[in-house]
């Protein structure tokens with residue numbers, strides 16, 4: 001901030017302005033196009049065409065003016081005005097396959113390292129969800145088609161873990177989608193970070209602490225996707241891994257109906273844009289999806305129903321633009337009863353909700369400011385998860401008491417239904433106020449300033465985790481003498497408090513042209529973030545300099561942070577249940593008696609701090625006559641990441657003597673006290689990660705003789721994950737003074753090297769597109785270093801003792817706490833290839849059809865390990881079709 005003030009003290013500001021006027025017409029009919037959004041690409045100044053297609057825009061500079069023209073259903077274009085040119089006439093084409101140029105890959109027209117996916121790129125895959133679209137990006141690979149588990153994504157890493165996916169931010173129409181409020185974990189008091197989520201075997205339905213579930217975002221109403229894998233603008237916060245900006249459709253458009261089918265999945269879409277008058281338009285969208293894991297039955301399925309309504313209004317002077325977006329959603333993961341397996345879980349995971357947002361843009365005439373933008377959003381969901389499990393085991397006992405002490409146990413039958421539920425009501429709010437001002441000086445430096453304030457809140461008002469006394473899952477119950485286990489308890493989410501974030505940012509976008517083709521762009525700013533009392537300042541900068549028409553260099557640096565979720569903060573108290581005496585005392589037909597000692601320790605992790613990300617990147621863009629090449633190198637570091645850690649606890653407990661006397665009901669008496677030593681779990685800021693890599697995108701010039709476009713991307717990344725956790729390994733000798741060996745967490749190193757090609761054969765006159773997309777996995781390695789020898793041990797009272805380095809390999813002395821785990825390394829035996837095909841035909845009567853096939857060559861590469869033959873996890877063969885009709 002100080003730098004900006006000093007800069008302007010020594011800079012003469014020029015307030016001279018240039019007025020540009022023009023007209024926008026439809027190329028097909030030469031009729032005027034009202035409501036076209038006209039935007040200056042340098043200053044973000046904007047205007048809107050009137051009912052006759054006319055517009056006027058005032059700019060604070062004179063040279064290198066480039067305007068962007070966009071409206072629903074037409075192809076966006078940029079138009080450059082030469083020096084001295086004050087008027088312009090623009091023709092916009094219908095965005096169909098009859099266009100001369102169709103971009104089906106990430107847009108190469110980039111300011112820095114961001115990637116833009118337009119409508120044609122979205123349609124390049126048969127996308128049922130946003131995840132299908134993002135798989136086209138560098139470093140990503142096409143996965144087997146499956147909608148029966150949640151989907152998330154992380155960029156520029158060889159280890160796309162839940163921790164990193166939690167830091168990927170998705171913003172729709174300038175409103176962030178938040179997963180911070182999701183608490184649908186059955187029991188977060190377990191060693192794993194995410195808790196025991198509802199699902200079937202290894203198929204997870206819910207995603208607390210794992211980022212946004214991309215299955216919930218359909219693509220039928222998306223106009224554009226911009227992916228920022230590098231340094232985001234200072235405007236955006238609460239992220240560490242990447243940023244995805246989504247713009248939805250709004251404006252006048254015909255009825256569009258589409259139907260898709262692939263494997264056991266079907267989808268129906270309906271969209272319609274209505275022009276109410278010259279200043280008002282409205283869009284309606286409806287989406288229905290039904291996906292089964294197996295076409296032969298309906299045991300495991302996923303359903304999605306969504307509706308959206310957008311209303312855009314402008315004033316007659318093109319000074320105000322306001323857009324209201326309303327969305328309704330329903331998602332259901334359903335695992336029904338399997339008559340062939342009575343032990344299988346019956347699971348239902350349901351989510352229904354509503355979101356409303358408002359985007360207000362105002363260009364005041366009598367203020368010093370150029371623009372005032374106000375974005376606000378509110379989201380409300382109701383989540384319900386239920387698991388019904390048939391239990392068949394020996395006699396067990398349990399308790400549901402939340403008080404520390406001795407309680408009479410509930411003796412459970414050997415067979416019963418275990419029913420557990422979680423009801424969450426996540427609520428999030430967001431508001432952002434931004435002001436903008438563009439100024440120039442006599443040396444023609446252009447500064448576009450933006451100052452903003454934003455706030456967001458996260459809360460969950462559901463009834464929480466619930467289970468009846470006879471519905472406790474079997475790993476919560478006790479059966480053996482002296483048995484002690486971490487116990488389950490109901491937890492009311494209303495005990496949690498609302499988490500608030502407040503931020504302020506100041507950003508300056510600088511443009512300067514020194515000579516012909518020598519152009520400097522710098523976007524720099526600072527963001528202040530207060531995340532529930534944890535404050536940080538986050539400087540960010542992106543820059544590029546064009547040396548000439550052929551070469552341009554880029555570089556950037558930035559800091560960001562991600563707040564912990566409610567599910568990480570509020571895990572509930574830890575309950576240790578210990579069966580007293582000789583377990584369950586039984587006299588058939590007379591009594592069944594047992595007592596459980598419950599020990600309570602505090603469990604919420606309110607000392608968690610936000611995780612932090614440090615990102616740097618540099619690159620070069622080369623514009624050869626035969627191709628455009630973008631090369632980017634980067635280094636990212638994640639610190640204070642969230643991870644689970646066992647914690648030693650000491651408690652003084654009563655010493656109990658159980659009294660039995662023949663057929664009489666047993667009783668107990670307290671005969672003193674003793675110390676209890678045990679391990680419980682917490683979530684801490686112990687995880688660190690480093691990602692370094694190189695990626696390139698090459699777009700070759702169109703081979704006009706063959707109507708062929710060729711592009712490719714490649715990505716190499718090396719990831720090193722390490723944390724400060726310690727691992728406790730139980731002694732194999734019950735009589736030893738060393739109860740646990742203490743081992744450090746060892747780093748995990750992963751490497752990925754992937755390439756992808758896209759060949760597009762396009763005949764504009766016929767509206768025909770044939771696209772071949774390939775994936776090639778050249779390198780995939782994973783090395784996990786392990787330590788066989790402990791650094792120390794915990795004694796019987798869980799007190800840590802350091803072992804002298806010379807004694808750590810003493811098998812005679814410490815053999816009972818040594819773990820024999822060899823370091824493991826996995827790598828590809830050979831290069832993996834996969835090929836995907838798309839054939840699309842756009843008819844002039846509004847009808848179009850597309851055929852898609854994943855792994856259409858049905859490749860099945862195998863590898864052998866320990867004489868066991870297994871298939872590599874490349875996308876399996878799958879095909880489908882989509883039919884569209886507009887009228």
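The values are calculated or read from the model by the stated rules, or taken from the named source; none is laboratory data. Model, not experiment: these values are computed from the prediction. Here Cβ is always computed from backbone atoms with ideal geometry, including for glycine, and neighbour counts include all displayed protein chains.
This table checks each residue for (1) modelled with pLDDT of 90 or more; (2) farther than 30 Å from residue 710 by Cβ; (3) not assigned by TED's automatic domain parsing to the domain that holds residue 842.
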{"residue": "726", "(1), (2), (3)": "yes, yes, no"}
{"residue": "769", "(1), (2), (3)": "yes, no, no"}
{"residue": "801", "(1), (2), (3)": "yes, yes, no"}
{"residue": "812", "(1), (2), (3)": "no, yes, no"}
For the stretch 12-55, name all the residues that are closer than 18 Å to residue 320 by Cα, under 40 Å from the mean Cα position of the chain (by Cα) and in a strand (DSSP E or B).
37, 38, 39, 40, 46, 47, 48, 55
The stretch 777-799, residues that are at pLDDT 90 or above and under 14 Å from residue 743 (Cβ atoms)
790, 791, 792, 793, 794
Taking interchain pairs and intrachain pairs at least six residues apart, which have beta carbon atoms under 7 angstrom, with the first residue in the stretch 74-87 and in contact (Cβ under 8 Å) with a residue 12 or more places away in the chain and assigned by TED's automatic domain parsing to the domain that holds residue 23 and the second part of a loop (DSSP other than H, G, I, E, B) and surrounded by 12 or more Cβ atoms within 10 Å (Cβ to Cβ)?
74/93; 74/95; 75/93; 75/95; 75/99; 78/41; 83/63
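Is it true that residue 609 is within 30 Å of residue 111 (Cα to Cα) and either in contact with a strand residue (DSSP E or B) (Cβ under 8 Å, 6 or more places away or on another chain) or surrounded by fewer than 21 Cβ atoms within 10 Å (Cβ to Cβ) (or both)? Spell out the reasoning first.
Numbers: within 30 Å of residue 111 (Cα to Cα): no; either in contact with a strand residue (DSSP E or B) (Cβ under 8 Å, 6 or more places away or on another chain) or surrounded by fewer than 21 Cβ atoms within 10 Å (Cβ to Cβ) (or both): yes.
In short, no.
Considering the stretch 159-181 alone, what residues qualify as being over 23 Å from residue 452 (Cα atoms) and either surrounded by fewer than 22 Cβ atoms within 10 Å (Cβ to Cβ) or out of contact with any strand residue (DSSP E or B) (no Cβ under 6 Å at 6 or more places or on another chain) (or both)?
Initially, the stretch 159-181 is screened for residues over 23 Å from residue 452 (Cα atoms), giving 159-166, 179, 181.
Scanning the stretch 159-181 gives 159, 160, 161, 162, 164, 165, 166, 179.
Run down 671, 658 and say which single residue is without any contact (Cβ under 8 Å) to a residue 40 or more places away in the chain and assigned by TED's automatic domain parsing to the domain that holds residue 565.
Numbers: 658 fails: without any contact (Cβ under 8 Å) to a residue 40 or more places away in the chain.
It is 671.
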Matching residues in the stretch 288-336 - criterion: being outside any strand (DSSP E or B) and without any contact (Cβ under 8 Å) to a residue 24 or more places away in the chain:
296, 297, 317
Matching entry among 344, 295, 310 (being buried (at least 20 other Cβ atoms within 10 Å of the Cβ), out of contact with any helix residue (DSSP H, G or I) (no Cβ under 9 Å at 6 or more places or on another chain) and either over 18 Å from residue 248 (Cβ atoms) or assigned by TED's automatic domain parsing to the domain that holds residue 422 (or both))
310
Only one of 694, 778, 735 is out of contact with any strand residue (DSSP E or B) (no Cβ under 7 Å at 6 or more places or on another chain) and more than 30 Å from residue 848 (Cβ to Cβ), namely 735
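Suppose the filter is in contact (Cβ under 8 Å) with a residue 12 or more places away in the chain and surrounded by fewer than 17 Cβ atoms within 10 Å (Cβ to Cβ); does residue 360 pass it?
Numbers: in contact (Cβ under 8 Å) with a residue 12 or more places away in the chain: yes; surrounded by fewer than 17 Cβ atoms within 10 Å (Cβ to Cβ): yes.
Considered against the rule, which asks whether it is in contact (Cβ under 8 Å) with a residue 12 or more places away in the chain and surrounded by fewer than 17 Cβ atoms within 10 Å (Cβ to Cβ), residue 360 comes out as yes.
Could you pull out the residue among 832, 837, 857 that is within 30 Å of residue 264 (Cβ to Cβ), exposed (fewer than 15 other Cβ atoms within 10 Å of the Cβ) and assigned by TED's automatic domain parsing to the domain that holds residue 756?
Working: 832 fails: exposed (fewer than 15 other Cβ atoms within 10 Å of the Cβ); 837 fails: exposed (fewer than 15 other Cβ atoms within 10 Å of the Cβ).
Unique residue meeting the criteria: 857.
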Going through 375, 331 one at a time, which residue ends up being assigned by TED's automatic domain parsing to the domain that holds residue 176, crowded, with 19+ Cβ neighbours inside 10 Å and under 27 Å from residue 251 (Cβ atoms)?
375
Exactly one of 677, 614, 668, 635 is under 30 Å from residue 413 (Cβ atoms) and surrounded by fewer than 20 Cβ atoms within 10 Å (Cβ to Cβ), and that one is 668
